[in-house]
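The values are calculated or read from the model by the stated rules, or taken from the named source; none is laboratory data. All values reported here derive from a predicted model rather than from experimental measurement. Heads up, the Cβs are rebuilt from the backbone with ideal geometry, glycines too, and the neighbour counts pull from every protein chain shown. Quick note on the areas: whole protein, heavy atoms, side chains included, nothing else; ligands and nucleic acids left out. Shrake-Rupley method; radii C 1.70, N 1.55, O 1.52, S 1.80 Å.
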Amino acid sequence: MQPLRSGIVGTGFMGSVHAQAVTAAGGIVDSVAGSSLASASRLAELLPGATPVGGLDEMLERNLDVIHICTPNTLHFEQALAAIRAGINVVCEKPLATTPAQAAELAKAAAERDTIAAVPFIYRYYPAVREARRRILAESGNDLWLLHGSYLQDWLADPSATNWRVDPGLGGTSRAFGDIGVHWCDLLEFVTGHRIVRINANLTRAFEREGGPSANQTEDGGVLTFETDRGAAGSLVLSQASAGRKNRLWFSFDGPRTSYSFNQEAPEHLWVGSGDEQILVGRNPERHLVNGNPRRGALPPGHPQGYQHCFNDFVADTYDAIRGGAPDGLPTFLDGHRAAVLTQAVTDSAAKGSWVDVPIVGQAAGVLQEVTF
Ligand code: SOE
């Protein structure tokens with residue numbers, strides 16, 4: 001079977017992560033494009049056989065199987081649309097687009113051309129997360145009623161720290177929620193099956209960031225409360241300026257009989273609590289099989305797997321889908337649309353200072369509906 005040939009657009013942290021995942025999934029990075037030929041060359045030099053190219057247009061002419069879009073958020077829409085219109089499968093970094101309408105258009109375009117179009121909500125790929133999902137979906141009667149957690153980072157905790165994500169012209173009108181809050185909400189809905197239907201967001205900033213007005217328009221974090229379609233209540237604390245917190249995504253989904261908790265910074269175990277015991281369920285590759293076999297590259301228990309392994313498994317599932325497979329839980333452009341709808345609701349709620357309803361569209365509803373705001 002010929003390896004799939006991929007192109008990587010964007011040469012920052014995510015471009016490098018995607019490139020490693022392509023190789024781990026048995027693909028070939030054919031070409032790399034960046035903000036300049038020099039930046040493309042720097043990443044291509046690390047990838048045997050990869051060619052630096054001047055931009056997406058040149059990449060689209062190389063008869064690729066899939067293009068990975070790892071550029072600033074406001075570039076995603078045009079780049080993903082161009083790849084889809086060229087009949088090429090797409091992996092587009094989240095947020096898929098900075099408005100629900102654009103995200104819906106991308107999801108629709110991909111569906112019409114029957115291309116595989118995925119978004120790396122990669123925390124779905126921790127075995128402990130899949131174990132939580134398996135147990136929750138199997139344990140009927142333990143109705144989850146309190147869904148809470150946090151996602152805390154500190155990479156923007158210094159007033160002098162900056163990044164294209166801080167500029168709304170490149171990152172979009174929501175920063176912390178649009179960047180990491182969407183991960184947490186995707187996990188909530190993927191693991192529990194609940195859907196957020198009302199949300200109240202209090203977004204704020206830690207300090208006056210250097211860089212003038214444009215550097216102080218989007219949120220460093222905040223506190224969100226929400227309700228789900230099954231009557232559960234929930235809360236999410238979000239921050240990109242919490243000192244000492246590196247990438248601490250944490251959740252606890254609680255029922256009256258059993259609660260389930262996960263910490264991305266200690267991902268080898270799932271905490272399961274009930275009345276008379278609290279246990280740690282360890283990762284076991286034999287329990288999370290793909291097509292009846294342990295995942296490619298799975299390590300034995302006691303050999304910790306982390307973030308890059310999740311990315312590798314996400315890309316492996318995407319490539320499986322490109323070859324006609326039906327991997328469980330692949331996050332697609334429908335999920336990217338869902339995230340855009342949630343982000344719009346969060347920014348609307350924060351602006352109004354009140355609760356807002358969240359339409360159930362995208363993967364949540366299993367169908368794509370036009371949503372206008
Ligand atoms: C920065 O906040 C970032 O790299 C996000 O963009 C990723 O989606 C997240 O997985 C890790 O942190």
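Figures for the structure shown
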{"item": "Residue 335 accessible area, 1.4 Å probe, all protein chains in place, Å² to nearest 10", "result": "10"}
{"item": "Pairwise label distance in nanometres, residue 143 with residue 252, each label 7 Å out on the Cα-Cβ vector", "result": "2.2"}
{"item": "Computed accessible area, residue 62, all protein chains, 1.4 angstrom probe, square angstrom", "result": "70"}
{"item": "Computed over segment 135-230: relative contact order in percent, which uses C-alpha pairs under 8 Å that are six or more apart", "result": "32"}
{"item": "Selection from 138, 231, 169 lying farthest towards where the dipole of the chain points positive, charges on Cβ", "result": "138"}
{"item": "Length added when fully stretched, residue 263-residue 2, from 0.36 nm per residue minus Cα-Cα", "result": "90.2 nm"}
{"item": "Sequence of 283, 295, 257, 135 from largest to smallest accessible area, 1.4 Å probe", "result": "257, 135, 295, 283"}
{"item": "Global geometry of segment 193-284, whether rounded, prolate or oblate, following the gyration tensor of its Cα atoms and the 1.5 cut on a/c", "result": "oblate"}
{"item": "13 Å Cα-Cα reach of residue 108 towards aspartates and glutamates, excluding residues that sit fewer than 8 places from it in its own chain", "result": "335, 370"}
{"item": "Taking the chain and dividing mean pair separation by its residue count, relative contact order in percent (alpha carbons under 8 Å, at least six apart)", "result": "20"}
{"item": "Bridge type composition, the chain - antiparallel percent by DSSP, nearest 5", "result": "65"}
{"item": "Dipole in debye (nearest 20) - the chain, about Cα centre, beta carbon charges: Lys, Arg +1; Asp, Glu -1", "result": "360"}
{"item": "Lysines whose Cα lies under 24 Å from that of residue 246, excluding same-chain neighbours fewer than 8 positions away", "result": "94"}
{"item": "Segment 192-207 - phi-based ³J(HN,Hα) in whole Hz, Karplus 6.51/-1.76/1.60, Gly and Pro as x", "result": "9, x, 5, 10, 5, 10, 9, 8, 10, 10, 10, 9, 7, 10, 6, 6"}
{"item": "Around residue 348: net Lys/Arg minus Asp/Glu count, Cβ-Cβ under 15 Å", "result": "0"}
{"item": "Amide H contacts under 5 Å for residue 249, placed H, 5+ residues apart", "result": "152, 264, 265"}
{"item": "Percent of Cα pairs exceeding the 21 Å cut-off, where the set is segment 221-361", "result": "62"}
{"item": "Inter-probe distance in nm under a simple model that places probes 7 Å from Cα toward Cβ, at residue 229 and residue 78", "result": "3.6"}
{"item": "Globularity index of segment 12-145, i.e. its alpha-carbon radius of gyration over 2.2 N^0.38 Å", "result": "1.22"}
{"item": "Note, ³J(HN,Hα) from phi for segment 273-287, Karplus 6.51, -1.76, 1.60, rounded to Hz, x at Gly and Pro", "result": "x, 9, x, 10, 7, 10, 10, 10, 9, x, 5, 9, x, 6, 9"}
{"item": "The chain, helix-only ellipticity at 222 nm - DSSP H runs n ≥ 4, -39,500 (n - 2.57), divided by all residues, nearest 500", "result": "-9000 deg cm²/dmol"}
{"item": "Protein-only accessible surface order, largest first, of 108, 352, 94 at 1.4 Å", "result": "352, 108, 94"}
{"item": "Theoretical gain in end-to-end length, residue 135 to residue 296 [0.36 nm per residue, Cα-Cα removed]", "result": "55.6 nm"}
{"item": "When the chain is reduced to its Cα atoms, the Kirkwood hydrodynamic radius in Å", "result": "21.0"}
{"item": "Relative contact order [Cα under 8 Å, 6+ residues apart], segment 5-122, whole percent", "result": "22"}
{"item": "Length gained when the stretch residue 37-residue 108 is fully extended (0.36 nm per residue, less Cα-Cα span)", "result": "22.3 nm"}
